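Laboratory data are not the source of any read-out in this text; all were calculated from the coordinates shown. Keep in mind the model is a prediction, meaning the values are calculated, not measured. All Cβ positions, even for glycine, are placed from backbone atoms using ideal geometry, and neighbour counts span all protein chains on display.
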Amino acid sequence: MDSTHFYRDTWVEIDLDCIFENVKNMKRFLPEQVDIMAVVKANAYGHGDVEVAKTALEAGATGLAVAFIDEAISLRHGGINAPILVLGASRPTDVAIAAEHNISLTIYSQEWLDEVLKNNHGNTPLTLHLKLDTGMGRLGIKEKGELQTILKTIEENPQIQLEGVFTHFATADEINTSYFDQQYQNFLQMLEWMPNKPKMIHCGNSATGYRFPEKVFNVVRLGIGMYGMTPSLEIKDQLPYQLQQAISIHSKLVHVKRITKGEKISYGATFTADEDMWVGTVPVGYADGWLRKLQNTHVLIDGELCQIIGRICMDQFMVRLPKKLPVDTKVTLIGKQKDKFISVDDVANALDTINYEVTCSISFRVPRIFLRNKRIIEVRNPLLRHY
Ligand SMILES: *Cc1c(COP(=O)(O)O)cnc(C)c1O
């Protein structure tokens, strides 16, 4: 028994060809000097960190970004040697770990740098990217004085190397660009405060890269677009090339039965059959990330949309079937069957949220199958990982 096995009839498929194409297309689209940093935080938005990272690097990405050190170490354990930047805050006491693994960290305040120096991480060089807050209000330096003190401190400490400077936009995915323009101007001005600029200057997420390729300096932090999802519905029509959704989610009917008019289904007995009908049970529930709010939405079975009836349970839900179907019939929750397709955006709409949240919410208990050239190259089931 190892992590390539699974014993449940529910799985995620990640088509790595889509990831490859999405990155390749972005590389082709961007000005020549612009590199791609593939954002693989949150287990690559729920897709699988190591596999996505390897594919992105093969397709031309030159670096990776994650949210915190553990995610970076996970990539190193997966055999990845490419540069990795931690975008979020790290504890000043953990910089030695980062340096040992050749992981770049984000510096976002003078106070943080002082703590880092107090902790003296030894002789291993520590690489940093300086985060400027131009209007996101999350992490970063805003004042000229603070910036200058930081630059001076870095100059005096040769074990610390400033490799990059960056900011993040709050509204790059909105049609109205006024706040974006303001943030961009702030960034230009703050860069003026730096007489010696580091090698990498970056401000673009996916949306910025697609819409303002001439404004991204020399790196784009490509996240959502790499997975083949649009940064927002607002700019769906402004994308420079067709994105290919890499994820699909499938299950199988595990039980099929006939119920008669008046019979009820699931917790709270909220569904009452208005006629005699066939009902199937699907072994997916809210603990897999298929949230209770998806009651009454549809899944694909035998190429047809079938409604989820009654409350979604922790591990299972029930669907109304058009006819008697055999146990083991494939159920597609996200993805394609015959001529019908359920996108991540369809699910996000039903949940009143964004596509990012949908894929990030698919939990660790759903095994991931990775396909390359239409063939399975790997299966990951964290539940059966050896410790
Ligand atoms: C998550 C993140 C990105 C990626 O954004 P997408 O919209 O997914 O392309 C880029 N930069 C920072 C700082 C992030 O936190």
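Quick notes on this structure:
- Contour excess over end-to-end distance, with Cα ends at N120 and A269 and 0.36 nm allotted per residue: 47.5 nm
- Set of lysines near K144 by C-alpha distance (under 17 Å), chain-local residues within fewer than 8 positions excluded: K131, K152, K197
- Residue (of A89, V216, A44) at the positive-pole extreme of the chain, dipole from beta-carbon charges: A44
- P(r) of the stretch 247-384 over all Cα-Cα pairs, binned every 5 Å from zero, in whole percent: 2, 10, 19, 23, 21, 14, 8, 3, 1, 0
- With N as its number of residues, the stretch 16-227 has a Cα radius of gyration that, divided by 2.2 N^0.38 Å, comes to 0.99.
- Between the residues S232, V331, S248, the greatest Cα displacement towards the positive end of the dipole of the chain, with unit charges on the Cβ of Lys, Arg, Asp and Glu, is found for V331.
- For the stretch 91-154, the share of alpha carbon pairs falling in successive 5 Å distance bins from zero is 4, 18, 28, 24, 16, 8, 2, 0 percent.
- Derived scalar couplings between HN and Hα for the stretch 263-270 equal 6, 10, 10, 6, 3, x, 6, 7 Hz in order, rounded to whole Hz, by the Karplus curve 6.51 cos²θ - 1.76 cosθ + 1.60 (θ = phi - 60°), x for Gly and Pro.
- Projected label points at S178 and K144, each 7 Å from Cα along the beta carbon direction, are separated by 2.7 nanometres.
- The local environment of N218, defined by Cβ-Cβ distances under 14 Å, has a net charge of +1 under the rule Lys, Arg +1 and Asp, Glu -1.
- With 28 Å as the limit on Cα-Cα distance, the pairs of K261/K338; K236/K330; K293/K340; K142/K236 that go past it are K261/K338; K236/K330; K142/K236.
- Amide H contacts of F317 (H built 1.01 Å from N, under 5 Å, at least 5 apart or other chain): V282, V284
- Each residue of the stretch 124-139 was assigned a 3J(HN,Hα) from its phi angle through the Karplus expression (A = 6.51, B = -1.76, C = 1.60, θ = phi - 60°), giving 5, x, 10, 9, 10, 10, 8, 9, 10, 8, 9, x, 7, x, 10, 10 Hz with x at Gly and Pro.
- When its C-alpha radius of gyration is set against 2.2 N^0.38 Å (N residues), the chain gives a value of 1.12.
- Net charge over other residues, Cβ less than 14 angstrom from the Cβ of I235 (K, R count +1; D, E count -1): -3
- In degrees, nearest ten, helix 16-29 long axis to first principal axis of the chain (Cα): 40 degrees
- Using θ = phi - 60° and Karplus 6.51 cos²θ - 1.76 cosθ + 1.60, couplings along the stretch 191-204 (whole Hz; Gly, Pro as x): 5, 4, 6, 10, x, 10, 8, x, 4, 10, 10, 9, 9, x
- Spatially close lysines, pair count over the stretch 1-123: Cα under 24 Å, gap of eight or more or interchain: 5
- Taking amide H as placed 1.01 Å from N in the peptide plane, E13 has its amide H under 5 Å from the amide H of S248, I249, H250, I369, each at least 5 places away in sequence or on another chain.
- Near K199: Cβ cut-off under 15 Å, other residues only, Lys/Arg at +1 and Asp/Glu at -1. The net charge is -1.
- Over the residues of the chain, the helix contribution to mean residue ellipticity at 222 nm works out to -7500 deg cm²/dmol, using -39500 (n - 2.57) for each DSSP H run of at least 4.
- Residue-span extension gain [E192 to V379] - 0.36 nm each, minus C-alpha spacing: 62.5 nm
- For L64, distant residues with modelled amide H under 5 Å away: A38, I84, L85
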